[in-house]
Amino acid sequence: MNVILNVFTVLAISAGAFFFLAGTVGLLRFPDTLTRLHALTKADNLGLGLIILGLLPLTSGPIQAMKLIGVWLLVQLSGAIVMQLIAQAIRRGGLRE
Amino acid sequence: MTSFLVGIAGFVLGTAIFGLFGIFLRPGGTDRLMAAQLIGTDSIAILLLLSVATEIPPIVDVALMLALLAAFAAVAFIKSATSGANISDAEEPRGG
């Protein structure tokens, strides 16, 4: 059981690190501001989500695990709102490119 | 497992450094804000990894504080960068 959990942790955290790399590369290489925003949200949601999912079996207790999930949910909420605000401002032409 | 977690934290730190490089490359304010948001998420992930690796649970609270600050920074930037007409336009109540 312990080995299975360890394999799960390594897989999930590696996948999360890959999504962080993908988000950074997308932010540097994509041609358009809106596509760069798209790459950024991948790193925010999938990368952090997979890393927290992988960390859950290693936490000391259920309270600590709930706290990690709370961090994830709060980052999702604020990330979604902020990215919508940025995209809306870009569409209205309010932000300088 | 501890060395694996610290290694992944170092890897994410490397991507954050690339994000900083992106701030230098792009002259526009929007891209710099997006790079700052990415670095905020990077630092949250690094802190969570280090919290579990070193078994110091209060580091999670620091990560929560960074999440809060990143969201406030973005909202403040959008409020200051959009002109007054756009802001009043955005806050217009929608019919229906």
### Query
Is there a residue being in a helix (DSSP H, G or I), more than 23 Å from B:Ile17 (Cα to Cα), at pLDDT below 90 and basic (Lys, Arg) anywhere in region A:74-93?
yes
### Query
When region A:18-60 is examined, which residues are found to be under 22 Å from A:Met1 (Cβ atoms) and modelled with pLDDT under 85?
A:Ser60
### Message
Within region B:49-60, does at least one residue satisfy the condition of being of a type in the set (Gly, Ala, Ser), crowded, with 21+ Cβ neighbours inside 10 Å and in a helix (DSSP H, G or I)?
### Response
yes
### Query
With A:Leu48, A:Leu55, A:Leu27, A:Leu34 as the choices, which residue is part of a helix (DSSP H, G or I) and more than 18 Å from B:Ile46 (Cβ to Cβ)?
A:Leu34
### Task
Under 9 Å between Cβ atoms, at least 6 apart or on separate chains: pull out the pairs that start in region A:18-39 with a residue that is within 14 Å of B:Arg32 (Cα to Cα) and end on any residue that is among the hydroxyl-bearing types (Ser, Thr, Tyr) and surrounded by 15 or more Cβ atoms within 10 Å (Cβ to Cβ).
A:Thr24/B:Thr15; A:Thr33/B:Thr30; A:Arg36/B:Thr30; A:Leu37/B:Thr30
### Message
Checking the conditions here, which among A:Ile63, A:Ile69 is more than 17 Å from B:Ser43 (Cα to Cα) and among the aliphatic types (A, V, I, L, M)?
### Response
A:Ile63
### Query
Among the listed residues B:Gly40, B:Gly7, which satisfies the condition of being more than 17 Å from A:Gly54 (Cα to Cα) and either of a type in the set (Asp, Glu) or part of a helix (DSSP H, G or I) (or both)?
B:Gly40
### Query
So, in region A:17-60, of the ones that are basic (Lys, Arg) and either touching a helix residue (DSSP H, G or I) at 6+ places or on another chain (Cβ under 6 Å) or more than 10 Å from every other protein chain (Cβ to nearest Cβ) (or both), which residue ends up surrounded by the most Cβ atoms within 10 Å (Cβ to Cβ)?
A:Arg36
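The values are calculated or read from the model by the stated rules, or taken from the named source; none is laboratory data. The shown structure was predicted, so the numbers you read here are calculated from the model rather than taken from an experiment. Every residue, glycine among them, receives a Cβ derived from its backbone with ideal geometry; neighbour counts consider all protein chains shown.
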